[in-house]
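Before any comments, here is the structure.
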Amino acid sequence: MMADSCKSTAGLLMGIILLVATACPVLAQRTTIHSLADLVDSASRHLPLLLEKQALVQSAQAGISEARHAFLPQVNVVEELSVGSANDLTGPFLPMPGVLHSIAGSINGASNYQAVTGNMASLYGQYDLVTFGLKDAKVESARAFAGLTRADLEKERYLVKWEIAKLYFNILSRRYQLAVDEEDVRRYESMYTISRALTGSGVNPGVDSSLAKAGLSRTRVSYNQASGELRRLQQQLAYLTGIASPEIAMDTSGVGHSPALPAGLTSDTAAVFNPLADYYAKQKLQYGAEQDLARKSYLPRVILGAGGWARGSSIQYSNVYESPGEGLGYQRLNYLAGIGVTYDLFNGVHRRDRLNVLNQQVNAADYALQQEQLSLRNQQLQADESIRTAKANLAELPVQLQAATDAYNQKLAQYKAGIINLVDLVTASFELLQAQTGYIQTLNEWYTASLDKAAATGNLDLFIQTIK
């Protein structure tokens, strides 16, 4: 008996759904039907938020090359042609920025403001011979940041997939509900027609016709509200996917019975790689790489430098001021090479301060990772409980739905015969509406809970692929 009841109920619900599927046959022929996987793929290619994250990933990847090239040798070439006086004195001076002094002292007892020409070209190269691991630390820091930006992209993609899947099931639920409301409108239209006939023949009082008319108006208002909510959800889906008025296929696999979890996603599925948690793990790694970079940044640097320069001057070595043209050629050539060590004596203080900042950031990232893992685990447990409750209700609701359908048909026959009043028929119609609505809501709760479980365990892509 239970099996027959479920089959009968399934047939009833399938009939409701067919009303939606056949309501606009011309539109169905002209519009492409999109699966859930199609909608997700369209969002990944359309949504500016995801495109922005992709650009940031490419920027971070370019940062790795920038970090590698930061330690290439520095080679500077200078060519200078100058005209002016050449007076200076021997003595110490601070190397003020922008002020260059001659190395030699004065060759005249008094200032000579005769203009002289000078010509100089120089080539200087510098290379960090020993960095004590700073180069590798910078590259690893750049890689860690690139990993973090990619994890951020995958996290946003995951959240968008999750949101689209929720919209998908909510739209299906609203379309089912719209069909139920449409059937409810037809029931009240039938009640109104019958009550008018019975009132006109004097079998029932005139108030029955008024009550039926009020009920019909109420069901039409409910239908309009459901239709408006469906359009709002469809607009949100269009916003996310970039598809104008996307049409989605009606998935009827779970109608009339307790649906099963998709293949590969069972009630005891363990959590696997999850982009939501991986983002915080990558954030912790990035802060760790910053710690290592901070340690290496304040170590000494061993620099290999080499250079050469050529110079000409219109002042000859015998203190003769020649014509300006004599100073345009190169008359002297020098070269120099050496190794230098640089170290800021306050680097120990700077390193300690920087590491204190980064240590707290690492701790914060670790706590954020723990919180996300805890939240996902809690969500999985709640989803499991919701699935168990929905499955239990889906096994029971067909009985309620069949009983409510039988009761309404009986009351309708009795009302036509004048045995009962309109209030009894309205009560039976309301019970049938509640049973139909309850079944649709429970079915949607099952799908939503299964979706939440898949998202919490990292099986969201597998779940989406199973929804055809």
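Hey, what did the range 381-468 get for relative contact order, percent, Cα under 8 Å, at least 6 apart?
43 percent
Put in line by how crowded their Cβ is, counting other Cβ atoms within 10 Å and starting with the fewest, Ser111, Ser209, Ser195 read Ser111, Ser209, Ser195.
Net length available on complete extension from Ala115 to Arg231 is 33.2 nm, with 0.36 nm assigned per residue and the Cα-Cα distance removed. The alpha-carbon of Lys166 sits under 19 angstrom from the alpha-carbons of these aspartates and glutamates, leaving out residues fewer than 8 places away in its chain: Asp38, Asp41, Glu154, Glu156, Glu229, Glu247, Asp251, Asp384, Glu385, Glu445, Asp452, Asp461. The Cα-based radius of gyration of the range 409-458, divided by its Kirkwood radius, gives an Rg/Rh of 1.41.
Counting 0.36 nm for each residue step from Asp366 to Gln331 and taking away their Cα separation leaves a gain of 6.0 nm.
Counting beta carbons within 10 Å around each of His34, His69, His350 and listing the fewest first gives the order His69, His350, His34.
Between the alpha-carbon centers of the range 178-196 and the range 381-448, tell me the distance in whole angstrom. When both Cα centres are located, 17 Å separates them. Once the C-beta distance of Arg377 and Lys166 is scaled by a Förster radius of 22 Å, the resulting FRET efficiency is 0.60 to the nearest 0.05. Convex hull of alpha carbon positions in the range 143-202: directionally averaged projected area 4.2 nm². Between Asn76 and Thr193, the modelled labels are 9.5 nm apart [label points 7 Å from Cα along Cα→Cβ]. Distance distribution note for the range 357-460: the fraction of Cα pairs above 19 angstrom is 63%. Histogrammed with a bin width of 5 Å, the alpha carbon distances of the range 309-382 distribute as 3, 11, 9, 7, 6, 5, 6, 6, 6, 6, 6, 5, 5, 5, 4, 4, 3, 2, 1, 0 percent, first bin at zero. Apply 1/(1 + (r/R0)^6) to the Cβ-Cβ distance of Arg218 and Tyr239, taking R0 = 30 Å, and write down the FRET efficiency to the nearest 0.05. E between Arg218 and Tyr239, to the nearest 0.05, is 0.40.
Extending 7 Å from Cα along the Cβ direction at Gln58 and again at Asn347 yields two label points whose distance is 3.8 nm. Roughly how many Å is it from the Cα centre of the range 285-309 to that of the range 316-346, as a whole number? Computed from Cα coordinates, the inter-centre distance equals 31 Å.
What the phi angles of the range 436-441 give under the Karplus curve with 6.51, -1.76 and 1.60, with θ = phi - 60°, is a coupling list of 5, 5, x, 5, 5, 5 Hz, glycine and proline written as x.
Where a number appears in this text, it was derived from the coordinates with a stated rule and is not lab data. Bear in mind the structure is a predicted one, so any value in this text is a computation, not a measurement. Heads up, the Cβs are rebuilt from the backbone with ideal geometry, glycines too, and the neighbour counts pull from every protein chain shown.
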